[in-house]
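> The structure's right below; bear with me while I get my questions together.
Taken together, the values in this text are just the output of simple stated rules run on the coordinates, not laboratory data. This one's a predicted model, so the numbers in the text were calculated from it and none came from an experiment. Every residue, glycine as well, gets a Cβ built from its backbone with ideal geometry; the counts of neighbours run over all protein chains shown.
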């Protein structure tokens, strides 16, 4: 039986043209984030299964690729539970590994620590457009900064990077988990029901206000609480300033310092940003991860029709490892979706070096071949990208393929001409 040529479901081979764009985008990301003071770091692709299954990763914990124990540790005959079979898992995001890394190396790192991490993650998800089971994530995080300077820097660094990649007219949607909790408390929901209420609220863009109402009532929540909750969203839809409306409604429930800090983030970003994006307060934004404790944000791009990244503050997560809480906030770009949009738009890498193909007839060898290679070496010194290859029988098709790869000039070397 022949071996399978195709990659496993949900993963893909990357062709040269896409790989060049990926490399270029990674270069822009690293250069731009570097100018904001973010430091590259890296963590292993696998983590202890207990770290990945600590009820911090929301729905992603159901999508872990789990790794069997190895050698003598794996005993299928005596295994009675999953713990007897599994000890590692493939990381499903970069946040849990970062927090473990920080907890392990805190004394060796600056404070605050501004981390840049790029790497593949794995989720046993249902593949669809822009979503794979293996995909690249690109995260920036600030650990040790309790003030809203962290949120301001993360938003500006991310939007500056997207602007350099040519993206315009996108939105950064922003909310705060503390605002969400205040609204739920104001409406009369019990604190232990908040997460369930938020899961329903997160479907607002798909099922609308009436759908949220129906689902909350079907879940058994009191009609009085549901009506009061939904009246907040109806009021915000009619208000000229949605944030001012909610600030007034939450008087006495939401801490004044939270209101001040949240408004300061919005005003600071709006005062210094370019015109290629909008910062929008979105009271329906939830974000699925349960580890978020404060500000949350998401990138919305009209071309994609969905989220292309997001993040937020997770001040309690380091404490899960060390027993001591450390303020932390991060923002992740949806790298694969960004690449998809660039590919679909026919993106061309700017300021590429000149690409020349040296095509050599099969009979060219010995000193003549050395002379051609020496000429190519000289051209490369000037920054020209030179491909040296043997000439195919179907030279026309060979050139068409090279043109598709960006080669704009050809030099052909024939045995008789070189001898002459």
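> Quick one: compute the contact order of the chain, relative version, from alpha carbon pairs under 8 angstrom and 6+ residues apart, as a percent.
17 percent
> Under a 10 Å cutoff between Cα atoms, tell me which one of 325, 193, 382 has the largest fluctuation in the Gaussian network model of the chain.
382
> Sticking with this one: Rounded to the nearest 500, what is the 222 nm mean residue ellipticity of the chain from helices alone, with -39500 (n - 2.57) per DSSP H run of 4+ residues and division by all residues?
Calculated from helices alone, the mean residue ellipticity at 222 nm is -12500 deg cm²/dmol.
> Moving on to the next point. Which order results if 236, 26, 183 are arranged by neighbouring Cβ count within 10 Å, fewest first?
26, 236, 183
> Moving to a separate point now. Once the Cα atoms of helix 16-35 and of the chain are each reduced to a long axis, what angle between those two axes, in degrees from 0 to 90 to the nearest 10, is obtained?
60 degrees
> Once you wrap a convex hull around the alpha carbon atoms of segment 67-226, what is its projected area averaged over all directions, in nm²?
Answer in nm², one decimal: 15.6.
> What is the order of 159, 43, 251, fewest Cβ neighbours within 10 Å to most?
251, 43, 159
> Here is a follow-up. Wrap a convex hull around the Cα atoms of segment 272-418, take a quarter of its surface area, and give that in square nanometres.
Mean projected area for segment 272-418: 16.2 nm², to one decimal.
> How tilted is helix 223-238 with respect to the longest principal axis of the chain? Cα atoms for both, answer in degrees (0 to 90, nearest 10).
Helix 223-238 sits roughly 60 degrees off the main axis of the chain.
> Using 0.36 nm per residue of separation minus the Cα-Cα distance, give me the extension gain between residue 244 and residue 275 in nm, one decimal.
8.8 nm is the gain from fully extending residue 244 to residue 275.
> Enumerate the whole-percent occupancy of each 10 Å bin, from 0 to the last occupied one, for all C-alpha pair distances of segment 355-419.
22, 52, 26, 0
> Give the peptides 143-151, 4-12 in descending order of average Cβ contacts within 10 Å, highest first.
Ranked by mean Cβ neighbours within 10 Å, highest first: 143-151, 4-12.
> Further question: Which semi-axes, in whole Å and largest first, does the equivalent ellipsoid of segment 5-120 have when worked out from the alpha carbon gyration tensor as the square roots of 5 times its eigenvalues?
The three semi-axes for segment 5-120 are 31, 23, 11 Å.
> By counting other Cβ atoms within 10 Å of each Cβ, how are 356, 96, 318 ranked from fewest to most?
Fewest-to-most Cβ neighbours within 10 Å comes out as 356, 318, 96.
> By DSSP, what percent of the beta bridges with both residues in the chain are antiparallel, rounded to the nearest 5?
In the chain, approximately 70 percent of DSSP beta bridges are antiparallel ones.
> Right, next: Taking Cα atoms, how many degrees apart are the long axis of helix 256-272 and the longest axis of the chain, rounded to 10 and kept between 0 and 90?
The helix 256-272 is inclined about 30 degrees to the chain.
> Another question, if that's okay. Which of 239, 83, 389 moves the most in a Gaussian network model of the chain with Cα springs under 10 Å?
Looking only at 239, 83, 389, the biggest GNM fluctuation is shown by 389.
> Relative to the compact globular guide of 2.2 N^0.38 Å, what is the alpha carbon radius of gyration of the chain, as a ratio?
Taking N as the residue count of the chain, the ratio is 1.23.
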